[in-house]
Each structure stands twice: as structure tokens, then as C-alpha cells.
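The values are calculated or read from the model by the stated rules, or taken from the named source; none is laboratory data. Everything numeric here is computed off the predicted structure, so don't read it as measured data. Every residue, glycine as well, gets a Cβ built from its backbone with ideal geometry; the counts of neighbours run over all protein chains shown. Calculation scope for accessible area: heavy atoms of the full protein, side chains included, ligands and nucleic acids excluded. Shrake-Rupley method; radii C 1.70, N 1.55, O 1.52, S 1.80 Å.
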Amino acid sequence: MIIDCHGHYTTVPKRFEDYRRLQVAACGCGGPQPALPARASDDELRESVEAAQLQRQRERGTDLTIFSPRALGMGHHLGDERASRQWATLCNDLIHRLCGLYPDRFAGVCQLPQSPGVAPANCIPELERCVRELGFIGCNLNPDPSGGWWSDPPLHDRWWYPLYEKLVEFDVPAMIHVSGSCNPHFHATGAHYINGDTTAFMQFLTSALFKDFPTLKFVIPHGGGAVPYHWGRYRGIALDMGLGPLSELLLDNVFFDTCVYHQHGMDLLLKVIPARNILFASETIGAVRGIDPDTGHYFDDTRRYIDGAAFLGAEERELIFSGNARRVYSRLRA
């Protein structure tokens, strides 16, 4: 079985995106909130994924996608706390319905109603609803709800602890995932995403977070950002700071996905990071949608790169393709 731990509902019916634009505009001008969009029919939801995410699954031989709302669409830096809460509820309900229509193809991960300057504890009611009532198996956690300005405390600050306590209670992991960038220095998917991944890792490395929460689990997407490429730098920093071996500091709690879109990059990830810490993922349909002219295949067909890594053994492949996902997302087994 092949489990893709990182997929987004990027093909949501257009009227939901139209509603979001009106909602954010109303927050900006102090006007009344727009009416909620009309409920999507089951057929409309099926149509939105059949020729997209599901087609990719069939073509690439993957079985199940751990599925969440569109990352850029979370827009935590837009609108206000109330708008974020309403938008998260709407997006999570769509994911829940798709999981109900395709229970063998999708497992739900929720968007949290984060907002700059608002304590993460504000997200607990929606997390509880999604896990307890909707059967979701994880959440996406934005380390920078300000959209590129990093105005909230770092992830090891006690500001985040009430949310972490709930994640531990439910035994659900959080995927580190920023949303859009409102800072012109940072292209959203090319820079802001990778910044978020790398920054989160460094915050984990330099803190005692996992001493306080020894069973807390994070997935760092996009191959870990800059982390595998600079693993020697991070090992050296940890030793210089007297923190001990990097593998003992983080690798019981931090995992990496395979959203890396070329063979050399994938080979590096697979050689540097232990197989037990890597989860297969493609981000389909996400940041890179085109075909690589050098290979004739989609950039995000990441299974090809793992299949092309001849140095991997059968046990390592099984861990990467499904075993680690079942272990990290423990509710998936149910």
C-alpha cells in the first residue's frame, strides 16, 4: 500500500473561493459578512477530484491520500479571527464530505483557525470537532500566521503549549505548513514555504520542547526545506551548543515528507535522513503542476524518484510508502 501524507484540496468549486474573497473584503471595510456559499452536491464534489487528485492516484499507483484544505487558501494573515474560524469550519467540512465519499482514497487533516496575535489555544475547539466528530487524523499548523512577518512567538514558546497538550491527548501529528505570503521578499511556494519548514526545524533544535512533550509529533513537508542539505551544519550547531547528537534531540518527534521534485534532491533526502523518519508525499495537486521537460514526467510524481533510488532496501521502501504514515498518524489505523 502507498500512502501519500500530503495532499491538498486545490480544486474546490469556484464559488467557495469567491465567498472567501468577499469575506476578507468585508473584514477590511467593516461591512456585514457575505452569505455562505450554496452547499455543494455530492456529484459536484466528485467532479472536482475525479479528473484531478483521484486521476493522479490511479495513474501513479498510490492508494490513499492524507488530505487537507488548500494551504495557500488558509490565508491566516487575511481577515480577522472570526473570519478565520468560519473559513476553517467551511474548508474542513468539505474535506470531511470528500472523505465520506471516498473513504478508501482520502483521510482528513484539518485547517486550524489561526490568526496573527491570537493565542493558538483558540484553535482547540475546531481541532476537537475535527478529531472527535469528523474523524480527522491530524492538522496543519502554521508557524507564521502573519504571512511572512513572523510576528507571533516561536514554536517552542509556551504560547503554543495548550494546543500541543491537545495534540498529545489525541495522539495526532501536526504538519508544519505556512500559508500565503504578504511579504514581497518571499515568494509563497518558492521561498515562504521553505523558510517555514527550515525555521520550524531550527526552533525545535534549539529548544527543550520535546522534553516537555516527548510524544508530540511534527511532519515537516517539502523534504524538510533546507534541512537535509544542511544536515551537517545543524549537527554541528547542536554539538557546539552542548545539546548532544542531533538524532537524539529530534528524530523521535520530527518527520519529513518526500515533496522533492528531482531525483538528486530525493536521493539526498533518502541518504541523509533515516528511513524511519521519511513519509511518502507528493503535495498533489499543489505548488508544481507541470511536466519536467528533461524527463517527460510530472515534477510532483514523487513515487518515480523513490522507485529510482536503487540503494533503498525493501524494508526501507515499505516504511517510507506506508509504515511510517501508519505509525505517525496513529488514528489512520482505525
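Out of everything in the stretch 115-134 that is assigned to a loop (DSSP other than H, G, I, E, B) and in contact (Cβ under 8 Å) with a residue 40 or more places away in the chain, what residue ends up being nearest to Asn92 (Cα to Cα)?
So in the stretch 115-134, the residues assigned to a loop (DSSP other than H, G, I, E, B) come out as 115-119, 134.
In the following step, the residues that additionally are in contact (Cβ under 8 Å) with a residue 40 or more places away in the chain were identified as 116, 119, 134.
Numbers: Pro116: 20, Ala119: 20, Leu134: 9 Å.
Top of the filtered list is Leu134.
Would you mind finding the one in Arg70, Arg15 that is among the charged types (D, E, K, R) and over 15 Å from the mean Cα position of the chain (by Cα)?
Arg15 is the lone residue from the list that is among the charged types (D, E, K, R) and over 15 Å from the mean Cα position of the chain (by Cα).
Of the residues Arg58, Arg15, Arg39, Arg82, which single one is in a loop (DSSP other than H, G, I, E, B), open to solvent by 10 Å² or more (accessible area, probe 1.4 Å) and of a type in the set (Lys, Arg)? Step through it out loud before you land on a result.
On the way: Arg58 fails: in a loop (DSSP other than H, G, I, E, B); Arg15 fails: in a loop (DSSP other than H, G, I, E, B); Arg82 fails: in a loop (DSSP other than H, G, I, E, B).
Just one listed residue meets the conditions, Arg39.
Conditions (1) assigned to a helix (DSSP H, G or I); (2) open to solvent by 60 Å² or more (accessible area, probe 1.4 Å), marked per residue:
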| site | (1), (2) |
| --- | --- |
| Gly180 | no, no |
| Tyr193 | yes, no |
| Asp252 | no, yes |
| Thr284 | no, no |
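Pull up the stretch 145-178, narrow it to residues that are in contact with a helix residue (DSSP H, G or I) (Cβ under 6 Å, 6 or more places away or on another chain) and among the charged types (D, E, K, R), then point me to the one that is least open to solvent (accessible area, probe 1.4 Å).
Step by step, filter the stretch 145-178, then rank; the result is Lys166.
Against the conditions (1) of a type in the set (S, T, N, Q); (2) under 19 Å from the mean Cα position of the chain (by Cα); (3) surrounded by fewer than 18 Cβ atoms within 10 Å (Cβ to Cβ), where does Ser247 fall short? Just the number, please.
(2)
When residues of the stretch 42-53 are filtered for being surrounded by fewer than 16 Cβ atoms within 10 Å (Cβ to Cβ) and either in a helix (DSSP H, G or I) or of a type in the set (Val, Ile, Thr) (or both), how many remain?
Residues in the stretch 42-53 being surrounded by fewer than 16 Cβ atoms within 10 Å (Cβ to Cβ) and either in a helix (DSSP H, G or I) or of a type in the set (Val, Ile, Thr) (or both): 6 in total.
Against the conditions (1) part of a helix (DSSP H, G or I); (2) within 17 Å of Leu205 (Cα to Cα); (3) in contact with a Ser or Thr (Cβ under 8 Å, 6 or more places away or on another chain), where does Val227 fall short? Just the number, please.
For Val227, the exception is condition (1).
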